[in-house]
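Remarks on the structure that follows.
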Ligand SMILES: Nc1ncnc2c1ncn2[C@@H]1O[C@H](COP(=O)(O)OP(=O)(O)O)[C@@H](O)[C@H]1O
Ligand SMILES: [Mg+2]
């Protein structure tokens, strides 16, 4: 059975894309067939982390949604993980971003595209990078997801935002929700923080992730777990991956 994993946050810049590329890479290393779709139309960035330059992107999920290609034509096998990881970028082109934000897209078509990818590529997992915040299209996608990973920073703005999201997501009945609190300062009491998150938000799992200089220093270029396979932060990405697999 394939699983659709949606990665979401209330605000931008919380670490969605970083988590996706690293978890997808680990799953692929473990022999799983993994699809990754960038549906963050507003600020596409997965292609940068996967080392795909804008000029190399001929087809994107945007073209599929506009009826200009089949979704399989927008799949980019990544050289280091060929045959295991299949990536569908969102268009980084300014006019395409503008167009999709202005016109929107047919939700049903996007979901049909996911089904098509899962079937033709025989995927075990499909990871989705969603737009931050509350959008009708995002909620529609969540309806079809098996796992929701919600990423937040340990700030009052994010706690308030996740509270709002939790209220709405409750009605969608996503089977498994994981909260990832990212860039937690070492001086906080992690046990207390974790128990507060468990108490305040409905979820099956809470993972705390430290602020990691090496991640920041990579400046979103490349894949952290490949560059630093023995780093403690890689072990946390491993733990997240194991929870998703089980
Ligand atoms: N645990 C972390 N420690 C330090 N920097 C991080 C961490 N996680 C993410 N970052 C950095 O934060 C920035 C935003 O992350 P990104 O994954 O692009 O967020 P999003 O996709 O939610 O907008 C990036 O520069 C990334 O390298
Ligand atoms: Mg992103």
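What the table shows:
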item: Residue that is out of contact with any helix residue (DSSP H, G or I) (no Cβ under 8 Å at 6 or more places or on another chain) and surrounded by 18 or more Cβ atoms within 10 Å (Cβ to Cβ), where the choices are 146, 189, 158; result: 158
item: Residue in region 57-74 that is at pLDDT 95 or above, more than 10 Å from ligand 1 (Cβ to nearest atom) and on the phi > 0 side of the Ramachandran plot present; result: yes
item: Flag for residue 182 being over 28 Å from residue 103 (Cα atoms) and either in a strand (DSSP E or B) or within 14 Å of ligand 1 (Cβ to nearest atom) (or both); result: yes
item: The lone exception for residue 197 - which of (1) more than 14 Å from ligand 1 (Cβ to nearest atom); (2) over 30 Å from residue 100 (Cα atoms); (3) assigned to a helix (DSSP H, G or I); (4) under 18 Å from the mean Cα position of the chain (by Cα) it fails; result: (4)
item: Of all residues making up region 103-123, the number that are in contact with a helix residue (DSSP H, G or I) (Cβ under 9 Å, 6 or more places away or on another chain) and either part of a helix (DSSP H, G or I) or within 19 Å of residue 46 (Cβ to Cβ) (or both); result: 14
item: Hits in region 1-48 (condition: in a helix (DSSP H, G or I), crowded, with 20+ Cβ neighbours inside 10 Å and near ligand 1 (Cβ under 10 Å from one of its atoms)); result: 16, 17, 18, 19, 20, 21, 22, 46
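The values are calculated or read from the model by the stated rules, or taken from the named source; none is laboratory data. Computed from a predicted structure; not experimentally measured. Heads up, the Cβs are rebuilt from the backbone with ideal geometry, glycines too, and the neighbour counts pull from every protein chain shown.
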